[in-house]
């Protein structure tokens, strides 16, 4: 099956075909480093890292551009508050973000343009929009005239009349209509600014940078590029505004053939917010959890779906990763003299490719890899190891020294009894507070289920234990457990 991807603009899965044979161009909206990155950012960039890996794995030459919004209201405000340069604010937060991406195994973009390095291209784009009647000069800046673009609202599937009814004009804005948005903000005292003759010194609005940079780096001819991506929170207004700015100036729209968006990430069923007290910097999360376990956790959920992050789910991902590493060690030992060569791939590779061709179904691809890693060996261990190593790398789970090191014995988690009661929710665990007593009861219940050939219940209890950081291994001599959290 050819690669199918869900296109936000058409709201359906479509066969992916590059504009140029063998080449793919991708533009992904990157970070605005005016504050610390969080796990929601990581989810989005991990998906596009995987997509890029898979397209390269499939034989395409990929050009991947991810911008940096290095000038915005929040970075200016933070600089004023702390008495430092806005560039210092951006540099500090972005360096921390880059370290986190490296820890997660996210590959460097081919190009990483900063908005302030493209001021000439931004001015040129704005001037062209003014000349064609899509933009106008007001007392406080230059605005885009939304009503002139007939396709406004198509990406986000929103009716422009409803958008107008729900919009409002801020007191300090001089725009014509409520939906119009700033392309250029005239300079205010104490703010960074650049010249723009004949209109006036100022700085770019948020959306215009991506139109100017994607055109300059991926589409100088104005005929579009292959994939534009970002988080679902960018669909409106950011990506909607990018289309409105870009397509009136193009020789042959659309701006991008495919629009891909990663789903939102919730934390215990709530949106992350400092006001809710559930905000945690990405760097802190990576200090608490194995970065590869975080990647594995995200692989379990479709990239476009809303995902709920919990510590219990994270514990399950840790357990799964440890089990995968153990199976990999066993296979490596069986191969002993593995030569490290990469095979063209066999039936396992074909099944993983089939899963990823289905709108990047990472959950199905991961299941295939996990099953193959633990399956009885019925052929050349070197071939199995080589194929598995290739597919692990494709998923961004490159085996490192930890994959071959003996596991460290860990004590039972202090909150194990509570976690098991939460995960299983059955009365025979009520009142059990001791971690080992709770574990023994669950294991005994599972043994009884297996004795009765109630495999469904056995699997549910095994999965509950995994989510709580306990790995169960069934073998000919019985079942054994280990702590992996």
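Structure values in brief
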| quantity | calculated |
| --- | --- |
| Residue within the stretch 316-329 that is touching a helix residue (DSSP H, G or I) at 6+ places or on another chain (Cβ under 8 Å), exposed (fewer than 15 other Cβ atoms within 10 Å of the Cβ) and not assigned by TED's automatic domain parsing to the domain that holds residue 459 present | no |
| Meets criteria (under 17 Å from residue 235 (Cα atoms), under 35 Å from the mean Cα position of the chain (by Cα) and surrounded by fewer than 20 Cβ atoms within 10 Å (Cβ to Cβ)) for residue 155 | no |
| Boolean, residue 120 is surrounded by fewer than 15 Cβ atoms within 10 Å (Cβ to Cβ), more than 19 Å from residue 72 (Cβ to Cβ) and at pLDDT 95 or above | yes |
| Tally, over the stretch 220-243, of residues that are part of a helix (DSSP H, G or I), in contact with a strand residue (DSSP E or B) (Cβ under 8 Å, 6 or more places away or on another chain) and surrounded by fewer than 24 Cβ atoms within 10 Å (Cβ to Cβ) | 5 |
| Matching residues in the stretch 425-439 - criterion: being part of a helix (DSSP H, G or I) and more than 15 Å from residue 413 (Cβ to Cβ) | 427, 428, 429 |
| Subset of the stretch 287-308 that is out of contact with any strand residue (DSSP E or B) (no Cβ under 9 Å at 6 or more places or on another chain), outside any loop (DSSP other than H, G, I, E, B) and surrounded by fewer than 18 Cβ atoms within 10 Å (Cβ to Cβ) - its residue that is modelled with the highest pLDDT | 287 |
| Qualifying residue in the stretch 452-461 (condition: in a helix (DSSP H, G or I) and in contact with a strand residue (DSSP E or B) (Cβ under 7 Å, 6 or more places away or on another chain)) | no |
| Which listed residue, of 46, 31, is in contact with a helix residue (DSSP H, G or I) (Cβ under 7 Å, 6 or more places away or on another chain), assigned to a loop (DSSP other than H, G, I, E, B) and crowded, with 17+ Cβ neighbours inside 10 Å | 31 |
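The values are calculated or read from the model by the stated rules, or taken from the named source; none is laboratory data. If you're wondering where the values come from, they're calculated on a predicted model, not measured in any experiment. Cβ coordinates were reconstructed from backbone atoms using ideal geometry, including for glycine residues, and neighbour counts include every protein chain displayed.
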